[in-house]
1. Could you pull out every whole DSSP H run in the chain that spans at least 20 Å of Cα extent along its own axis and averages -1.0 or higher on the Kyte-Doolittle scale?
2. Given R₀ = 22 Å, what would the calculated FRET efficiency be for ARG33 paired with THR13, taking r from the Cβ atoms and rounding to 0.05?
3. Take the Cβ-Cβ distance between TYR49 and THR5 as r, set R0 to 30 Å, and report the resulting FRET efficiency rounded to the nearest 0.05.
4. Hey, how much of the P(r) for the chain falls beyond 21 Å, as a percent of Cα pairs?
5. Run lengths n ≥ 4 of DSSP H only: what is the helix-derived mean residue ellipticity at 222 nm for the chain, with -39500 (n - 2.57) per run over all residues, to the nearest 500?
6. Given the peptides 48-59, 11-22, arrange them by the average over their residues of other C-beta atoms within 10 Å, most packed first.
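What follows draws every value from the coordinates through simple rules; no lab data is involved. No experiment lies behind these values; they were computed from the predicted model shown. All Cβ positions, glycine included, derive from the backbone under ideal geometry; neighbour counts span all protein chains shown.
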Amino acid sequence: MKTKTQLRKGMKTRREGLGADERARRSALVAARVLNHPLITQAPCVGLYAAIGSEVLTAPLFEELVCRG
């Protein structure tokens, strides 16, 4: 079984192998799922992290959540 550190390193390597278009496409899929989740649509307040490096792009998700109030 892999350690948490090994899993994180492997996922980072996979993310870094994605092109910008693929990363944006996958980030949009994540955002759509998050924005339509009942815990989000019914939440009075939502916390969100700022993406760094090759992480899921969260800026579009943030902008949409701000627009929804």
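1. On the way: long enough: 20-35 (22 Å, -0.05).
Counting only whole DSSP H runs, the qualifying helices are 20-35.
2. Numbers: r = 24 Å, r/R0 = 1.08.
Given R0 = 22 Å and the Cβ-Cβ separation, E is 0.40.
3. Numbers: r = 20 Å, r/R0 = 0.66.
Taking R0 as 30 Å, the efficiency between TYR49 and THR5 is 0.90.
4. Working: 849 of 2346 pairs.
The answer is 36 percent, as a whole percent.
5. Values: 4 runs with 43 residues, N = 69.
Dividing the helical sum by the residues of the chain leaves -18500 deg cm²/dmol.
6. On the way: 48-59: 12.5, 11-22: 10.7.
Per-residue Cβ counts within 10 Å, averaged per peptide and sorted highest first, yield 48-59, 11-22.
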